[in-house]
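A.B. asks: Would you mind keeping the following structure in view while I ask a few things?
The values are calculated or read from the model by the stated rules, or taken from the named source; none is laboratory data. Everything quoted here is computed from the prediction, not taken from an experiment. With ideal geometry, Cβ positions are generated from the backbone for all residues, glycine too; neighbour counts draw on all protein chains shown. Accessible surface is based on the protein model in full, side chains and every heavy atom, while ligands, DNA and RNA are left aside. Shrake-Rupley method; radii C 1.70, N 1.55, O 1.52, S 1.80 Å.
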Amino acid sequence: QLQLVESGGGLVQPGGSLRLSCAASGFTLDYYDIGWFRRAPGKEHEGVSCISRSDGSTYYADSVKGRFTISRDNAKNTVYLQMNSLKPEDTAVYYCAAGNQCSSSWAGVISLLLYYGMDYWGEGTLVTVSS
């Protein structure tokens with residue numbers, strides 16, 4: 001079965017940290033650009049970050065720059081999102097997705113074309129930032 005599985009979400013206080021993982025099964029992440037997206041209650045999907053398969057280039061939404069770091073470990077077939085200095089507005093369900101052409105268009109407001117153009121989506125992991 002081809003799937004992406006996110007983990008690492010949970011409840012954290014403002015200013016805290018979490019590391020999300022996105023593990024692939026049934027296929028190799030090496031062949032894909034990987035993005036992290038989030039959806040807060042009542043809002044549309046927002047692109048958080050992506051990492052290129054070719055040269056490791058990364059892009060971040062302005063709202064998370066300097067706080068979040070995306071990385072990939074091809075040997076473990078896993079992509080990570082390290083989230084530091086978390087804020088209540090980071091509360092959302094976080095999804096990873098596999099696609100092509102990671103670019104600045106994956107960060108911030110994303111188009112439906114991009115959303116439906118992804119090859120694989122995970123089912124998400126909930127991050128709640130609250131005191």
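A.B. asks: For the range 48-64, in order, what is each residue's ³J(HN,Hα) by Karplus, 6.51 cos²θ - 1.76 cosθ + 1.60 with θ = phi - 60°, in whole Hz (x at glycine and Pro)?
C.D. replies: Coupling constants for the range 48-64: 9, 6, 8, 9, 7, 7, 7, 10, x, 4, 10, 9, 9, 5, 4, 5, 10 Hz.
A.B. asks: Expressed as a whole percentage, what fraction of the accessible surface of the range 37-119 belongs to carbon and sulfur atoms when a 1.4 Å probe is rolled over the protein heavy atoms? Kindly include the intermediate steps, with their values, before the conclusion.
C.D. replies: Numbers: 2060 of 4300 Å².
C and S atoms contribute 48 percent here.
A.B. asks: Run the dipole for the chain about the Cα centre, Lys and Arg Cβ at +1, Asp and Glu Cβ at -1, nothing else charged, and hand back the magnitude in debye, nearest 20.
C.D. replies: Working: 10 positive and 12 negative charges, 55 e Å.
I would put it at about 260 debye.
A.B. asks: Here is a follow-up. Taking +1 at the Cβ of each Lys and Arg and -1 at the Cβ of each Asp and Glu, which of THR128, SER111, ALA23 sits farthest along the dipole of the chain towards its positive end, judged by Cα position relative to the Cα centre?
C.D. replies: THR128
A.B. asks: Per residue, how much accessible surface does the range 1-82 expose to a 1.4 Å probe? Answer in Å², no decimals.
C.D. replies: Working: 4160 Å² over 82 residues.
I get 51 Å² per residue for the range 1-82.
A.B. asks: Leaving out same-chain residues fewer than 8 places away, which lysines sit with a Cα under 25 Å from that of LYS87?
C.D. replies: Here the lysines satisfying the reach criterion relative to LYS87 are LYS43, LYS65.
A.B. asks: Distance between Cα centroids, the range 96-131 to the range 50-78: provide it in whole Å.
C.D. replies: The range 96-131 and the range 50-78 have Cα centres spaced 12 Å from each other.
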